[in-house]
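First the structure, in the form of structure tokens, and then the observations on it.
Any read-out appearing in this document is the output of simple, stated calculations on the displayed coordinates, not a laboratory observation. Fair warning: this is a prediction, and the values are worked out from it, not measured in the lab. Here Cβ is always computed from backbone atoms with ideal geometry, including for glycine, and neighbour counts include all displayed protein chains.
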Amino acid sequence: MLPREEELRALICEVGRRVYARGYVASNDGNISVRLDDHHLLATPKSVSKGFMTPDMMVVTDMQGRKVSGHRDASTELKMHLAVYEMRPDVRAVVHAHPPLSTGFAVAGVPLNKSSLAEIIFSLGSVPIAEYATPSTQELPDAVKKYITAHDGLLLANHGALTAGQDLMNAYYKMETMEHFAQITLVARQLGGENLISRQEVDRLQGLRDFYGIKSPAPICTDPALAGSDGATCQFVDAPSSDGPRIVPPAGPGPGPAPGAGPGGGDGGEIRLTYRELAALIADAVRQVTRDV
Ligand SMILES: [Zn+2]
């Protein structure tokens, strides 16, 4: 066995431990793979907790997923990894897991594509949702193929998440970044919604991404006409247009208090009453009813 292969087997175990320790998988969920050379992959075996793997458990397959060596078999989800390697010659490693916050967004059908964090715009750009597919069928790799050409991180509708990178740790860190982004997004929405970076500023960030040579499979696009329809050629970032302030508060009444709305209500259609006012209203209603009778 080549020393490099030994290293990669050990590194897959390390990534598996981190994925498990951070709760990105339960039971035997998830799978990890890496290119061994131009014609072979090293992949995690099925039916094993990713937190407790040993280097000897790994499976070597060819680029069609046929087993070349190993005592165990690869997961049927390896098809999804093969789709990534087919579409992206630059990708050397793939991580698939079910991190609860990202998967929550995938289940709710909410993509992680708002312009809330400059660092996310620099790194992942946006995270679209690949359409639902029956597990283990060809539908899943096909859904992945559609979006992976332009993105390094995907949500898989009603399933989980997938990230791709130029090496194992890079693919794993993207999974961490995605889950962190999902957590921050959820908290911001619970607090009334995100203040968003303006479309004009996002375009400026794209310019900086180019200037600093930050690797990305596709440029960012901010034109809403491209949302959802063109996941294959650009990373759609949903950003409000603003020629003035670079940070734009949420539009309209959100799930929490609207900005500037003081106690006693705002203009969001919500009516707030004191106990005394409510009691008076009820008394009025009762009087009305008894009069009618
Ligand atoms: Zn899965």
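Miscellaneous remarks
- Fully extending the segment from Asn28 to Asp167 would add 47.7 nm, taking 0.36 nm per residue of separation and subtracting the current Cα-Cα distance.
- Cα centroid of region 1-59 to Cα centroid of region 82-100, whole Å: 13
- Straight Cα distances below 26 angstrom link Lys50 to the lysines Lys67, Lys79, Lys145, Lys174, with same-chain residues fewer than 8 positions distant left out.
- Of the residues His40, His151, the one with the fewest other Cβ atoms within 10 Å heads the list, and the complete ranking is His40, His151.
- Rounded, prolate or oblate (a/c below 1.5 giving rounded, otherwise prolate when a/b exceeds b/c) for region 14-143 by Cα gyration tensor: prolate
- Placing +1 on the Cβ of every Lys and Arg and -1 on the Cβ of every Asp and Glu, with no other charges, gives region 12-51 a dipole of roughly 220 debye about its Cα centre.
- Nonlocal amide H pairs with Phe236, under 5 Å, H built at 1.01 Å: Cys221
- Per residue, the average separation of C-alpha pairs within less than 8 Å and at least 6 apart gives region 144-196 a relative contact order of 20 percent.
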